[in-house]
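Encoded as structure tokens, the structure appears first; notes follow it.
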Amino acid sequence: MKLSSKLLILTMVIFSNPSFSSDDYVKLGTSILSDLVAIESTAGMGLATEVSELSKTLLLNNGFNDENLKVVGPTDTSKGLYAVYKGQSSTKPVIVMAHIDVVPAVKDAWDTNPFQLVEIDGFLHGRGASDNKGGAAALLTTFIRLKEEGFTPKNDIIMLLTGDEETGMNSIRYFRDNFESVRQAPFAFNSDGGYITGTMKNPEAFRLQSAEKVYMTVTMTTSNRGGHSSIPRPDNAIYELTDAIKKVAAHRFPISLNETTRATLEFALNEAQGNVREEIITILDGETESEFDMVNNNSAVNAILRTTCVATQLTAGHAENALPVSATATVNCRVLPHEDPEEIFSTLQELVGDNVKVSSVSNFQKSPVSPITPKIQSLVGEAIGKVFPDMPLVPTMSTGATDALHLRSMGIPVYGTSAMMSDPTGYRGHGLNERIEITAYQASLDFWYHIMKEL
């Protein structure tokens, strides 16, 4: 896909004019985001490769060499972009990453065309604006800005734009398995993770994503000899499966902390009062067997403190006038990163009993917690401090999964650093009228500029 004429002219002017200001790069970043949003890169449309080609052309037009830009991937429709900003050395490259695919949008339900970037009341609306084309546009804009300034990093900076994070995550595995430079990276910064809480007028904290729960799906199946529905019996595949699901629903895995969630709770103490404060202190002191109101009454808090499993799909029976010969439930688990998925699997089997067959749908990929080292604290802290002075860094665990999983699983620490301010009305990614605040997007552009200059 060709660059829009407006974006092509803008990038040519910027690259030929060294006096361009940061405001001009905000215009560039917005134009890039507009062009990325316009490409419907859902799994069904299969246009992620087109986004990658567009991104490559953009970098080629702004001083990057073709030999350092590769559009590659596991399939023709989900290719990503491997782009290298050459530094003084290639021995310890740092990765910055984003995904360029998006989930589908119900177009008739949106207030605007989801695949056209539209400004409304200080917000940029469009599918992928926050998840995660806003991140990809910020990385591309920063590469162009630094190249125009003649900046040379100490080590190579590798940009990975992946094409199927929302589905199979095969693109990040392709980069990992086929590029030695990716495997050599000491750490990575992921624009699809980490965020700032509060508001642009009153920012509170940088939620640095240093861990995410492990994705694990199993099926539970009951079998029966079946028969005629006019002669029902107590033994019934659907009833037996229902009993098993109720056991899963009632079971609570133990509360367990890791380095990241412990830091999250410690930060929460700054504002906590009354019973909530007492419960946090109790958990931090190691008491996790008690019942805690702040956990039981808040699904989000519960999800970061323990492994969870929930039934998400059901398949049963073969005819309305026949007793079912089988019934199957799909159960999705999100396992704490420091726990063993195999042990969770065994717990589920013991929970439902021998008459229910529990099967793994896919291989479990472990995702170790990424340590918050002094180097990382310094890099991220200094960069965000130039945008939001005195902003505290709070390690945070995501309950969902990102491409970071497939780098963490091989020992590369990954830190979610989108630096995007949370939406005041709640997160809209994957939902209707997805958007980002214009000033928040500008702040994220500044953050990426500062942190890459530190590299």
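The values are calculated or read from the model by the stated rules, or taken from the named source; none is laboratory data. Predicted, not measured: the structure shown is a model, and the values here were computed from it. So basically every Cβ, Gly included, is an ideal-geometry build from the backbone, and we count neighbours across all protein chains shown.
Output the residues belonging to the stretch 334-344 that are farther than 18 Å from Asn302 by Cβ and either crowded, with 18+ Cβ neighbours inside 10 Å or not assigned by TED's automatic domain parsing to the domain that holds Ala300 (or both).
Result: Pro341, single match.
Just the residues that are surrounded by 13 or more Cβ atoms within 10 Å (Cβ to Cβ) and of a type outside the set (A, V, I, L, M), please, taken from the stretch 228-250.
Ser229, Asp235, Asn236, Tyr239, Glu240, Thr242, Asp243, Lys247
Please pick out the residue among Ile196, Ile283 that is within 30 Å of Pro392 (Cβ to Cβ) and free of Cβ contacts under 8 Å to residues at least 60 places away in the same chain.
From the options Ile196, Ile283, the qualifying one is Ile283.
Of the conditions (1) hydroxyl-bearing (Ser, Thr, Tyr); (2) farther than 25 Å from Met45 by Cβ; (3) in a loop (DSSP other than H, G, I, E, B), Thr167 satisfies every one except a single condition; which number is it?
(2)
Within the stretch 415-455, which residues are among the small types (Gly, Ala, Ser) and under 21 Å from Val37 (Cβ atoms)?
Selection gives Ser418, Ala419, Ser422, Gly426, Gly429, Gly431, Ala440, Ala443, Ser444.
Write out, first by first residue and then by second, each pair whose Cβ atoms fall under 6 Å of each other, whose residues are 6+ apart or on separate chains, and whose first residue, in the stretch 235-246, is assigned by TED's automatic domain parsing to the domain that holds Ser223 while the second is crowded, with 19+ Cβ neighbours inside 10 Å and part of a helix (DSSP H, G or I).
Ala244/Val352
For the stretch 423-452, give me the residue count where each residue is within 18 Å of Lys201 (Cα to Cα), of a type in the set (Ser, Thr, Tyr) and buried (at least 19 other Cβ atoms within 10 Å of the Cβ).
Residues meeting the conditions: 2.
Looking at the stretch 333-364, which of the residues that are within 21 Å of the chain's Cα centre (by Cα) and charged (D, E, K, R) is farthest from Met216 (Cα to Cα)?
Looking at residues that are within 21 Å of the chain's Cα centre (by Cα) and charged (D, E, K, R), I get Glu339.
Of Thr315, Thr308, Thr328, which residue is among the hydroxyl-bearing types (Ser, Thr, Tyr), under 15 Å from Ala401 (Cα atoms) and modelled with pLDDT of 95 or more?
Within the list Thr315, Thr308, Thr328, the selection yields Thr308.
On the given criteria, is Arg262 surrounded by fewer than 18 Cβ atoms within 10 Å (Cβ to Cβ), within 28 Å of the chain's Cα centre (by Cα) and assigned to a helix (DSSP H, G or I)?
yes
Enumerate the pairs (first residue in the stretch 169-193 and buried (at least 18 other Cβ atoms within 10 Å of the Cβ); second residue anywhere and aromatic (Phe, Trp, Tyr) and not in a strand (DSSP E or B)) with beta-carbon separation below 9 Å, excluding pairs fewer than 6 apart on the same chain, so at least 6 apart or on different chains.
Val182/Phe175; Phe189/Trp448; Ser191/Trp448
Looking at Leu146, Leu140, which one is surrounded by fewer than 24 Cβ atoms within 10 Å (Cβ to Cβ), at pLDDT 95 or above, of a type outside the set (Lys, Arg) and part of a helix (DSSP H, G or I)?
Leu146
Scan (1) touching a strand residue (DSSP E or B) at 6+ places or on another chain (Cβ under 7 Å); (2) in a helix (DSSP H, G or I) for the single condition Met294 breaks and write down its number.
So Met294 meets the others, but not (1).
Residues Asp101, Asp24, Asp111: which one is modelled with pLDDT of 95 or more, out of contact with any Gly (no Cβ under 9 Å at 6 or more places or on another chain) and not hydrophobic (A, V, I, L, M, F, W, C)?
So the residue among Asp101, Asp24, Asp111 that is modelled with pLDDT of 95 or more, out of contact with any Gly (no Cβ under 9 Å at 6 or more places or on another chain) and not hydrophobic (A, V, I, L, M, F, W, C) is Asp111.
Considering each of Gly385, Gly381, Gly429 in turn, give the residue that is at pLDDT 95 or above, of a type in the set (Gly, Ala, Ser) and out of contact with any strand residue (DSSP E or B) (no Cβ under 9 Å at 6 or more places or on another chain).
Gly385
Condition check: β-branched (Val, Ile, Thr) and either in contact (Cβ under 8 Å) with a residue 60 or more places away in the chain or under 21 Å from Asp192 (Cβ atoms) (or both). Does Thr57 satisfy that?
no
Can you say whether Arg277 is surrounded by 13 or more Cβ atoms within 10 Å (Cβ to Cβ), among the basic types (Lys, Arg) and assigned to a helix (DSSP H, G or I), as far as the supplied structure shows?
yes
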